[in-house]
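Report on one structure; see the data block that follows.
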Amino acid sequence: VAYAMAGTALTLPCTPPQSYPQADISWVIKDHDSWHTIEFDKRVSMDLEGRLRITNVKEFDEQGGRAYSCMVINDFLRENAIGPEHEI
């Protein structure tokens, strides 16, 4: 569980597995039992190291047992993997 107060910034790590060719990184959110791609905007973004950055945590970021995970996709091998879940 990542702890952050409303209005503060939060960075969630992503440690992708080794992949050749290098896999693409994206972030997904688990809402109930289904995964959805995170829409990036001015408040929520991904840095060059693949970490998820939330510049202004809102209460709804943690509502309903949401979980955030990085996902790696290797188009060449047609495989993907989802990393550990992070709850706020």
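The values are calculated or read from the model by the stated rules, or taken from the named source; none is laboratory data. Predicted model, so just to flag it, every value in this text is computed and none were measured. Every residue, glycine among them, receives a Cβ derived from its backbone with ideal geometry; neighbour counts consider all protein chains shown. These area figures cover heavy atoms from the full protein model, side chains too; ligands, DNA and RNA do not enter into them. Shrake-Rupley method; radii C 1.70, N 1.55, O 1.52, S 1.80 Å.
Taking the range 61-80 only, how many residues are in contact with a Pro (Cβ under 8 Å, 6 or more places away or on another chain) and either open to solvent by less than 40 Å² (accessible area, probe 1.4 Å) or of a type in the set (D, E, K, R) (or both)?
4
Please verify whether the range 14-22 includes one or more residues that are closer than 19 Å to GLY65 by Cβ, of a type in the set (Ser, Thr, Tyr) and under 15 Å from the mean Cα position of the chain (by Cα).
There is no residue in the range 14-22 that is closer than 19 Å to GLY65 by Cβ, of a type in the set (Ser, Thr, Tyr) and under 15 Å from the mean Cα position of the chain (by Cα).
Does ASP31 satisfy the condition of being modelled with pLDDT under 85 and charged (D, E, K, R)? Before you say what the answer is, go through the steps one by one.
Numbers: modelled with pLDDT under 85: yes; charged (D, E, K, R): yes.
Considered against the rule, which asks whether it is modelled with pLDDT under 85 and charged (D, E, K, R), ASP31 comes out as yes.
Filter the range 37-60 for residues that are surrounded by 14 or more Cβ atoms within 10 Å (Cβ to Cβ), outside any strand (DSSP E or B), without any contact (Cβ under 8 Å) to a residue 40 or more places away in the chain and not aliphatic (A, V, I, L, M) and give the result.
Once the filter is applied, which keeps residues that are surrounded by 14 or more Cβ atoms within 10 Å (Cβ to Cβ), outside any strand (DSSP E or B), without any contact (Cβ under 8 Å) to a residue 40 or more places away in the chain and not aliphatic (A, V, I, L, M), the range 37-60 yields only GLY50.
Please specify each residue of the range 8-35 satisfying the condition of being assigned to a strand (DSSP E or B) and surrounded by 11 or more Cβ atoms within 10 Å (Cβ to Cβ).
Going residue by residue through the range 8-35, those that are assigned to a strand (DSSP E or B) are 10-12, 24-31, 34-35.
Within the range 8-35, LEU10, THR11, LEU12, ASP24, ILE25, SER26, TRP27, VAL28, ILE29, LYS30, ASP31, TRP35 meet the criteria.
Checking MET5 against (1) at pLDDT 85 or above; (2) touching a strand residue (DSSP E or B) at 6+ places or on another chain (Cβ under 8 Å); (3) under 12 Å from ILE88 (Cβ atoms); (4) outside any strand (DSSP E or B): exactly one of these is not met. Which one?
In the conditions (1) at pLDDT 85 or above; (2) touching a strand residue (DSSP E or B) at 6+ places or on another chain (Cβ under 8 Å); (3) under 12 Å from ILE88 (Cβ atoms); (4) outside any strand (DSSP E or B), MET5 misses (2) alone.
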